[in-house]
């Protein structure tokens, strides 16, 4: 079937420039329509019109120009067509109002319309140009949404934002206006940022502005001071970034109010200083009290040593004279008198034992440590051999390492613990004494365990006190000072002492020495 010729093709059939005109008409990226200005009937259209509306040129020819627009735009279409038809050769725009073309599938395309009256072979023809502005509309929408988002973010940002050119403010958000106590951003736009800077910081700020503008690089955060319009001084942290604002090189400053943080830091520093001063005062008092306590302990030890030493001679004389009295007055003494003298001698002997124990305790605390590297196994064997015990005792002595210690004092510790173990396991069958060893957390841990009467751990705090006893003296002899000596010696060596027991299940005493 022969392709229908349009008005332009027919009109230019005999024209020498028809090829050029046809090429311009068909090659235009905009849709071109030729219409009768009197009737509004479409006479011709180019391929771009086919693509725009999704209709062939054949289907477009003969339509009324209103058929090119949505029904809701009929009145506007007629009005604009009338305006264009009255023009005499000048190009007429459709104006600022939005226009839409109706596609074959019923969808609408935003367009921009321009038209002019031309003459072809003496006939007035209205030439209309439809430009598809879909991409532009989408870009405008995206830009509008982006600007709205930016505006919302900037105006609701939790920090002040200032855009300035060499200090002269071009833009200020609401937060910044509130920060410097002005009614709104418009109250400060055009003013210099230095007006709100604390005098101590103006030189620094001017230099930062110069560097940001000159070097074109972001400035590191800086803590500065602002002075609000009401005179309030604020601590702020400012980050500066070079930007282009409305074609002008500017700096965007993000201003964070850190007044509360600085106040909290100052309060924390003041509290820290007070704490340091209090600690220093406390340490000074502790040092003073420690010196006083050391002096008092020295005096008490000297007194106890002197008192114990001075008591020995009178006690011995009482003991001697009571024995002499018993011998010389023997024939004349009644049985109850002999019992009285026996009680005196027994009490004096016990008192002499207590005095000698006090002297030993005092000596243990006063004598300087004579530390050497000693074999603890050898010391243990000597102490065990010298500990009085019956023939039924079973010994289980662990191998002990060498340690840096006062050999004589550690031997005294082992002797006291072994003699206690033998004493309190009397009557157990078999009677078993065990010495254990382990290396733990940089310490030698040595234990002496028996299978004797044991004790209640509820009273363990009394174990290492002077003259403290957990059993009746009639059942188990002793002065009540042996464990006090153990504790004093071990503490002087930098170790620890403790005990574990249950009534009727024996007891275990442990001490440590640094490895």
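The values are calculated or read from the model by the stated rules, or taken from the named source; none is laboratory data. This is a predicted model, so every value here is computed, not measured. Heads up, the Cβs are rebuilt from the backbone with ideal geometry, glycines too, and the neighbour counts pull from every protein chain shown.
In table form, for the structure just shown:
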{"item": "Residue match in the stretch 251-263 (condition: over 17 Å from residue 197 (Cα atoms), outside any loop (DSSP other than H, G, I, E, B), outside the structural domain of residue 175 (by TED's automatic domain parsing) and touching a strand residue (DSSP E or B) at 6+ places or on another chain (Cβ under 6 Å))", "result": "yes"}
{"item": "Strands (runs of 3 or more DSSP E) wholly inside the stretch 395-459 that include at least 2 residues being in contact with a strand residue (DSSP E or B) (Cβ under 8 Å, 6 or more places away or on another chain) and surrounded by fewer than 16 Cβ atoms within 10 Å (Cβ to Cβ)", "result": "402-406, 431-440"}
{"item": "Of all residues making up the stretch 484-509, the number that are in a strand (DSSP E or B) and touching a residue at least 60 places away in the same chain (Cβ under 8 Å)", "result": "3"}
{"item": "Test: residue in the stretch 385-402 that is under 18 Å from residue 495 (Cα atoms) and touching a residue at least 40 places away in the same chain (Cβ under 8 Å)", "result": "yes"}
{"item": "Matching residues, the stretch 244-272, being touching a helix residue (DSSP H, G or I) at 6+ places or on another chain (Cβ under 7 Å) and farther than 20 Å from residue 225 by Cβ", "result": "249"}
{"item": "Criterion violated by residue 154 - all others in (1) in a helix (DSSP H, G or I); (2) over 28 Å from residue 257 (Cβ atoms); (3) touching a residue at least 12 places away in the same chain (Cβ under 8 Å) satisfied", "result": "(2)"}
{"item": "Any strands (runs of 3 or more DSSP E) falling wholly within the stretch 161-249 and containing at least 1 residues that are surrounded by 13 or more Cβ atoms within 10 Å (Cβ to Cβ), within 32 Å of the chain's Cα centre (by Cα) and free of Cβ contacts under 8 Å to residues at least 60 places away in the same chain", "result": "219-227, 233-245"}
{"item": "Qualifying strands (runs of 3 or more DSSP E) (wholly inside the stretch 22-131; at least 1 residues being without any contact (Cβ under 8 Å) to a residue 60 or more places away in the chain and in contact with a helix residue (DSSP H, G or I) (Cβ under 8 Å, 6 or more places away or on another chain))", "result": "42-45, 99-102, 108-120"}
